[in-house]
Every structure is written in structure tokens, then in C-alpha cells.
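Every read-out reported here was derived from the displayed coordinates using simple, explicitly stated rules and does not represent laboratory data. What you see is a predicted model; the values in this text were computed from it and never measured. Cβ coordinates were reconstructed from backbone atoms using ideal geometry, including for glycine residues, and neighbour counts include every protein chain displayed.
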Amino acid sequence: MKREPGTGKLSTGFVTVALVAASLAALPQEAQAQRRGLRVVRGPAPELGPRVGYDFDADDWSVGGQLRVPARVLETLASGDYYFAAGTHPWQLNLDLAIRLGRFSSLYAGGGIGIFHLVTTDVGPNILVGLHPPPRRDSAIRPYAEGRVTFLDGGTPFRLGFGVNLVLGR
């Protein structure tokens, strides 16, 4: 592994080559399965979209976005929100893992980490619960609603968010 001198970070070139190699490695397996007449089973596709929310403790509205990367059991949820507080510019970034409550259930719950910035930056754990209905056959649009509590040094705000994700790559 090539590292940039004095930084301890991997070089951009190395990371780019590794990502391209990993992407290309997956292609021959799919093509071979198709040549043998096997059905290629893909997992759920990632989703990306905007959302709006409300912070009940601060009485503030927010706008943001969410990236949802589903796997077999867990989903990775990365999100960010900007709050419309008077005179300040608060924001929050979240990285969470969520599990569906039942095989065909629309309910999910999980937790992760939240980074909130107002005047200083505060990091704390999140817990969340949400509703994410299964996709319709002909639609790439996936609405959701989510409640989240973040445990910060300055309190534990409860936030409710509503969004619409678009299924990527389908």
C-alpha cells in the first residue's frame, strides 16, 4: 500500500484503482451465470433522496437527504439535515444501522452515531424507528417516515423526518 509521506493516508490513486478493480471483479461472475442459464439474483438496490423534518425540542424545521444501502439483514442509513434556526446554522450528520422488524414488514428500528453542530460540535448515539413501505413493481420511488432521538451533551432532541428516496440502478 502506498501512503502519502507524513500523512498516514492512502493515496487517491490507490483508492481509485482498488474501487475500479472491485467493481470489475463482480462483472464476470454475473456474465458467467447468464451464459450458464442461471438466474442472477440481485439484492435490493441502494436508494437516495431528499427529506424534510421537524425538531420538537428546538421547534425548528429541517431539510436534508438520506442514502439507504440495504443488505440481507441490516440496512446502512447515512443522512444529513440542515436546521432553519434563527441566527444560527445548525446541522446534523448520521450514520446508522437498521433492521427490518419482520420479513415483509414496513417497520424498521436501529441505532448509530450522530454528529450535531450548532456553535460547537457534539457527537452522540442515535436510536431510530421508521416506516419504509416495500417497493411497488413499477415505481422507483420509496417514501419513508422516521423518528430519531440523539443523545447529546446538551439534551436528547426528538426529530421526525419524512422523505422520498429514489431506487438507484434499476
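Compute, for region 33-170, the length of the dipole vector about the Cα centre, with Cβ point charges of +1 (Lys, Arg) and -1 (Asp, Glu) only. Units Debye, rounded to 20. Let's see the in-between values first.
On the way: 15 positive and 12 negative charges, 299 e Å.
So the dipole magnitude of region 33-170 works out to roughly 1440 debye.
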Could you tell me the center-to-center distance, by alpha carbons, between region 46-66 and region 104-170 in angstrom? 8
Over the alpha-carbon set of region 47-167, divide Rg by the Kirkwood Rh and report the Rg/Rh ratio to two decimals. 0.98
